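A.B. asks: The structure that follows is given in the form of structure tokens.
The values are calculated or read from the model by the stated rules, or taken from the named source; none is laboratory data. The model shown is predicted, which means the values in this text are computed figures rather than measured ones. For neighbour counting, all protein chains shown are included, and Cβ atoms are generated from backbone atoms with ideal geometry for every residue, glycine included.
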There are 2 protein chains.
Amino acid sequence: MSENEKTYEEISFEEIRDEIITLIGAKNYIHARDLLLSLNEADIADVIAEAEDELGIEIAVILIRMLPKDDAAEAFSRLSVDDQTGIIERITDKELKSILDEMSFDDMIDVLEELPANIVDRILEKTTKEERKLINTFLNYPEDSAGSLMTPDYITLRQEWTVGEALAHIKKVGMDSETVYTCYVKDRGRRLLGLVSLRSLVTTDEDVPISELMVDDIVFVNVFDDQEEVSEDFTKYGFLAIPVVDNEKRLVGIITVDDILQTIQDETTEDIERMGGVLDSSDKEYFDAGIFHQVRSRLPWLLILMVSAMLTGLVIAHFELLLADMVILTSYLPLLMGTGGNSGSQASTLVIRGLALGEVELRDAARVLWRELRIGFICALCLSAINMCKILFLDRQTISVAITICCAQLIVIVLAKCLGGMLPLFAKKIGIDPALMAAPFISSLTDTFACFVYFTLASIILGL
Amino acid sequence: MSENEKTYEEISFEEIRDEIITLIGAKNYIHARDLLLSLNEADIADVIAEAEDELGIEIAVILIRMLPKDDAAEAFSRLSVDDQTGIIERITDKELKSILDEMSFDDMIDVLEELPANIVDRILEKTTKEERKLINTFLNYPEDSAGSLMTPDYITLRQEWTVGEALAHIKKVGMDSETVYTCYVKDRGRRLLGLVSLRSLVTTDEDVPISELMVDDIVFVNVFDDQEEVSEDFTKYGFLAIPVVDNEKRLVGIITVDDILQTIQDETTEDIERMGGVLDSSDKEYFDAGIFHQVRSRLPWLLILMVSAMLTGLVIAHFELLLADMVILTSYLPLLMGTGGNSGSQASTLVIRGLALGEVELRDAARVLWRELRIGFICALCLSAINMCKILFLDRQTISVAITICCAQLIVIVLAKCLGGMLPLFAKKIGIDPALMAAPFISSLTDTFACFVYFTLASIILGL
């Protein structure tokens, strides 16, 4: 009982982490190890990462070495690629082998996928020919495919078995399997016949045959399906595991929900970063990516958008004479470009997210256009009316100037909403990631036509 | 065997859905029901939602009525609030009660939370006093708290039991529990002592006592914790369920991973929409929210940003005389405002996401600033150099004009990167959602100081 009390004391994980690091700094390894072992594997990995940050990679190696093999493997698989590589370069081949042997198959594949080729070769030399063949098959599935997420460690039951026989089988092999909570039944051609949940096994009498308990309307994915589709299936159905089949519909592995949570987070991060104009920032955390890596992932998009801004400059230069006549028009340019860009960003954000969640589809293009047209018109009316009052009564401009600016604003907002709604759909249609059609791109585009609409209207209405 | 073949035929869910809707349109209900029942509950809900879209709410009522009670309850809990309300208004109190009785407790609470108060009252009248008390407790947990996500239907084991006794208990109560895969052990004060996974139960001999099997370093959350923290715990630890305790550390419920997946999706959508300048868009899908609802969630931010754009206009108006002397300066304004806004958006996007994932914390402010300063400087140097060549050799402007523009660009980009990096941290510090400090806001702010820096430099360098 006193043992359990510790979880209720008001010590936060961060405090324990800092204490362990202080102990290590003072070379009090025995104490540090005891504290470390009282933590969950995910927290152990956190402590090692933090210790590496503060005290260097040598300390991370010491920590990994002083953990029991299974904890070392669990923690190692959760470290960043940089930390993993650093540790691998410093431990013996024998130590490396013992860590990899303790890892679950899919964790090992995840580690191998990220490591430099020469280290992977060093690891593969230590495996049997059979293991090597299996590892190579898994390593060859495209990045971001269901195949790259799955594990071959699942439990197979036979349909002629009884519940009692199935439970006896699970008792024997359950600890080596990624999950025991969903078990699979295959025919002789290894094609999936059905699945049995452990819940139904433990709540059913021992002599009932598996064939009676088996569920046969199964949702499965193909090894080459994109991981985004797989995450959608998990969110939609709430499954704990989804079976993966090859092109001949043979069961080749399963994906479990704990692995998909990380995938969902990574996919979302990629989407959000692309929408913010950051391309290909890799899976590194904010502080882990090097300065030049960051520049590389930010500069190309800035360059493209700068060219687009130069185009807007050309439009303005074209109307130079008009502007020389009426310099005050310039001071309303930020207003037009700003509200236009923001209106367009709102529409594109909603459509990009709708596409990602499957709420909006390509065939909905006309519906999106009609919606954004109406929403744009109402927003534009409100903003232009307020603006009209401001220009007439605060700025004390002439009516024709006010009409020029507000008409331009109305047209720009409606156009921006429609463009913002349609461009993500167009991008998807031609096979580009719709997330690229977000705020930065839409704003730049809106700037160009805002200038064009504004000055064209000015030369017509003001007769300049 | 032939039964199972159907899952391998190349019929997509969309085709089955369309076929069912065609059958319903032709009033061929028997056939429609058979096809419907061959689907998973999540898919059944999809078909009902689509049928409601195309044929009206009456059809949804017919479909719910012709399903077996448990399927009806499962499908109902997955419908949108609008569809649920529509159906409840059209069915008898007896039918409503039978659907709610079949629902799992947390699904029922989710439904009740979203329904109008008068309908909730109608439902509560049908429950016993004890149920009503429990329901009211759950309804009173703040929205987005762990309490609002949890279910009280978990399995409790006693530490003096053996594995055999525990399995017998699970066999008896397992079907009414939200999950059987993690079971909990409490002391007499209902405080959590430990947890036992079903995997360890089925792989251990029958006579081993639970106290030996029990894991006691438990990760738990408080009922009032924000659901975002709960999702982070699930992603970090990969658990299937997390126990929820009250302020006295008594176990009051559990949250299961299938419920958190939907929560993660909703949280992400909210973040992305706020980053795109859409506020409080509720949980409705893109096409489900009314036009005016959409205007309400977009207009306020557009208004605020319009005011900020008016400020930029004031800055320009202030330099009117300078501009009259050199109109060509105007044509470089979009370039400065554009690259500034985009540079700032990139930085703020990365920091906002870093904050959401816990990779960046408030105490990292100085590190963020130093990073963005360096990245900003390198990006600014590259872009300004390219721009310098363009202004000198393509636009054929004088050296002093080129220097003015490029110096302004350099300063604006570096400033924008630093602002973009710092403002999300500042927002978090003062308790505002950092997601609001994304592209739309940062761009508007950058516009203002881009104009100021540009024209100030112009008046100094060009001596205007």
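A.B. asks: Of the residues B:L303, B:L311, B:L261, which single one is touching a helix residue (DSSP H, G or I) at 6+ places or on another chain (Cβ under 8 Å), under 30 Å from B:L195 (Cα atoms) and aliphatic (A, V, I, L, M)?
C.D. replies: Unique residue meeting the criteria: B:L261.
A.B. asks: Taking B:E212 as meeting all but one of (1) of a type outside the set (S, T, N, Q); (2) at pLDDT 90 or above; (3) not in a helix (DSSP H, G or I), write down the number of the exception.
C.D. replies: Going through (1) of a type outside the set (S, T, N, Q); (2) at pLDDT 90 or above; (3) not in a helix (DSSP H, G or I) one by one, B:E212 breaks only (3).
A.B. asks: Determine whether segment A:397-412 contains at least one residue that is surrounded by fewer than 22 Cβ atoms within 10 Å (Cβ to Cβ) and out of contact with any helix residue (DSSP H, G or I) (no Cβ under 8 Å at 6 or more places or on another chain).
C.D. replies: Yes, segment A:397-412 contains at least one residue that is surrounded by fewer than 22 Cβ atoms within 10 Å (Cβ to Cβ) and out of contact with any helix residue (DSSP H, G or I) (no Cβ under 8 Å at 6 or more places or on another chain).
A.B. asks: Among the helices (runs of 4 or more DSSP H) lying completely within segment B:120-195, list those that include at least 3 residues that are modelled with pLDDT of 90 or more, assigned by TED's automatic domain parsing to the domain that holds B:D226 and among the small types (G, A, S).
C.D. replies: Per the criteria, B:163-173.
A.B. asks: On the basis of being in the same structural domain as A:S104 (by TED's automatic domain parsing) and at pLDDT below 85, does A:E41 make the cut?
C.D. replies: Yes: the conditions hold for A:E41.
A.B. asks: Considering only residues that are buried (at least 16 other Cβ atoms within 10 Å of the Cβ) and among the hydrophobic types (A, V, I, L, M, F, W, C), look in segment B:267-294 and name the one that is farthest from A:L336 (Cα to Cα).
C.D. replies: B:A289
A.B. asks: For segment A:219-234, what are the residues that are of a type in the set (V, I, T) and surrounded by fewer than 19 Cβ atoms within 10 Å (Cβ to Cβ)?
C.D. replies: A:V219
A.B. asks: Let me ask something else about it. Could you tell me whether segment A:21-42 includes any residue that is within 30 Å of B:G189 (Cα to Cα), touching a Phe, Trp or Tyr at 6+ places or on another chain (Cβ under 6 Å) and not in a loop (DSSP other than H, G, I, E, B)?
C.D. replies: Yes, the conditions are met somewhere in segment A:21-42.
A.B. asks: Quick check on this structure: which one of B:D325, B:D280 is more than 7 Å from chain A (Cβ to nearest Cβ) and over 30 Å from A:G238 (Cβ atoms)?
C.D. replies: One residue alone meets the criteria, B:D325.
A.B. asks: Related question: May I ask you to say which residue of A:I254, A:I242, A:I264 is more than 10 Å from every other protein chain (Cβ to nearest Cβ), under 23 Å from B:D46 (Cβ atoms) and not aromatic (F, W, Y)?
C.D. replies: Result: A:I242 is the single residue among A:I254, A:I242, A:I264 that is more than 10 Å from every other protein chain (Cβ to nearest Cβ), under 23 Å from B:D46 (Cβ atoms) and not aromatic (F, W, Y).
A.B. asks: Can you run down the residue pairs with Cβ atoms below 8 Å, 6 or more apart or on separate chains, where the first is in segment B:141-154 and in contact (Cβ under 8 Å) with a residue 12 or more places away in the chain and closer than 23 Å to B:D101 by Cα and the partner is among the polar types (S, T, N, Q) and in a loop (DSSP other than H, G, I, E, B)?
C.D. replies: B:T151/B:S104; B:D153/B:S104; B:D153/B:S177; B:Y154/B:S177; B:Y154/B:T179
A.B. asks: For residues in segment B:283-310 being within 9 Å of chain A (Cβ to nearest Cβ) and either basic (K, R) or within 30 Å of A:L299 (Cβ to Cβ) (or both), which is nearest to the chain's Cα centre (by Cα)?
C.D. replies: B:R298
A.B. asks: Further, regarding this structure: Given the condition within 29 Å of the chain's Cα centre (by Cα), at negative phi, at the interface with chain A (Cβ under 9 Å from one of its Cβ atoms) and among the hydrophobic types (A, V, I, L, M, F, W, C), answer yes or no: does some residue in segment B:366-376 qualify?
C.D. replies: yes
A.B. asks: For the list (1) more than 27 Å from A:L201 (Cβ to Cβ); (2) at pLDDT 90 or above, I need the number of the one condition that B:L198 fails.
C.D. replies: Going through (1) more than 27 Å from A:L201 (Cβ to Cβ); (2) at pLDDT 90 or above one by one, B:L198 breaks only (1).
A.B. asks: Continuing with this model, one more query. I'm trying to understand the selection: among the residues of segment A:358-373, which are loosely packed, with under 14 Cβ neighbours inside 10 Å and basic (K, R)?
C.D. replies: A:R363
Matching residues to (1) away from chain A (no Cβ under 14 Å); (2) part of a helix (DSSP H, G or I); (3) among the small types (G, A, S); (4) crowded, with 17+ Cβ neighbours inside 10 Å:
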| position | (1), (2), (3), (4) |
| --- | --- |
| B:A51 | yes, yes, yes, yes |
| B:E58 | yes, yes, no, no |
| B:L63 | yes, yes, no, yes |
| B:D71 | no, yes, no, yes |
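A.B. asks: Mind listing whichever residues of segment B:416-432 are on the phi < 0 side of the Ramachandran plot, surrounded by fewer than 18 Cβ atoms within 10 Å (Cβ to Cβ) and either in contact (Cβ under 8 Å) with a residue 12 or more places away in the chain or not aromatic (F, W, Y) (or both)?
C.D. replies: B:K429, B:I430, B:I432 - these are the residues of segment B:416-432 that are on the phi < 0 side of the Ramachandran plot, surrounded by fewer than 18 Cβ atoms within 10 Å (Cβ to Cβ) and either in contact (Cβ under 8 Å) with a residue 12 or more places away in the chain or not aromatic (F, W, Y) (or both).
A.B. asks: Has segment A:133-145 got at least one residue that is surrounded by 14 or more Cβ atoms within 10 Å (Cβ to Cβ) and under 30 Å from B:E206 (Cβ atoms)?
C.D. replies: So far as segment A:133-145 goes, no, none of its residues is surrounded by 14 or more Cβ atoms within 10 Å (Cβ to Cβ) and under 30 Å from B:E206 (Cβ atoms).
A.B. asks: Let me ask another. Which count do you get for residues in segment B:73-95 that are crowded, with 18+ Cβ neighbours inside 10 Å, more than 20 Å from B:L55 (Cβ to Cβ) and acidic (D, E)?
C.D. replies: Result for segment B:73-95: 1.
A.B. asks: Which one of these is closer than 23 Å to B:V295 by Cα and either touching a Ser or Thr at 6+ places or on another chain (Cβ under 7 Å) or touching a residue at least 60 places away in the same chain (Cβ under 8 Å) (or both): A:I461, A:I442, A:I411?
C.D. replies: Only one candidate passes the filter, namely A:I442.
A.B. asks: Checking the conditions here, which among B:L329, B:L321, B:L335 is farther than 30 Å from A:D266 by Cβ and modelled with pLDDT of 90 or more?
C.D. replies: B:L335
A.B. asks: In segment B:349-365, how many are facing another protein chain (nearest Cβ under 7 Å) and of a type outside the set (A, V, I, L, M)?
C.D. replies: 4
A.B. asks: Before we move on, is B:F449 in contact with a helix residue (DSSP H, G or I) (Cβ under 9 Å, 6 or more places away or on another chain) and surrounded by fewer than 21 Cβ atoms within 10 Å (Cβ to Cβ)?
C.D. replies: yes
A.B. asks: Follow-up question, since we're still on this one. With respect to A:S297, determine if the residue is within 20 Å of A:A435 (Cβ to Cβ), in contact with a Phe, Trp or Tyr (Cβ under 9 Å, 6 or more places away or on another chain), assigned by TED's automatic domain parsing to the domain that holds A:A438 and crowded, with 18+ Cβ neighbours inside 10 Å.
C.D. replies: no
A.B. asks: Assess whether B:A317 counts as being surrounded by fewer than 21 Cβ atoms within 10 Å (Cβ to Cβ) and either within 7 Å of chain A (Cβ to nearest Cβ) or under 30 Å from A:K284 (Cβ atoms) (or both).
C.D. replies: yes
A.B. asks: Taking the residues in segment B:173-220 that are among the acidic types (D, E) and without any contact (Cβ under 8 Å) to a residue 24 or more places away in the chain as candidates, determine which candidate is farthest from the other protein chains (Cβ to nearest Cβ).
C.D. replies: B:E212
A.B. asks: Does B:Y141 satisfy the criteria of being away from every other protein chain (no Cβ under 11 Å), under 30 Å from A:I170 (Cβ atoms) and of a type in the set (S, T, Y)?
C.D. replies: No, not satisfied.
A.B. asks: May I pose another question? Could you list, in sequence order, the residues of segment A:337-357 that are part of a helix (DSSP H, G or I) and surrounded by fewer than 24 Cβ atoms within 10 Å (Cβ to Cβ)?
C.D. replies: Listed by number, the residues that qualify are A:G354, A:L355, A:A356.
A.B. asks: Hey, another quick one. Within segment B:136-168, track down each residue that is of a type in the set (A, V, I, L, M) and farther than 24 Å from B:T182 by Cα.
C.D. replies: Within segment B:136-168, just B:L139 meets the criteria.
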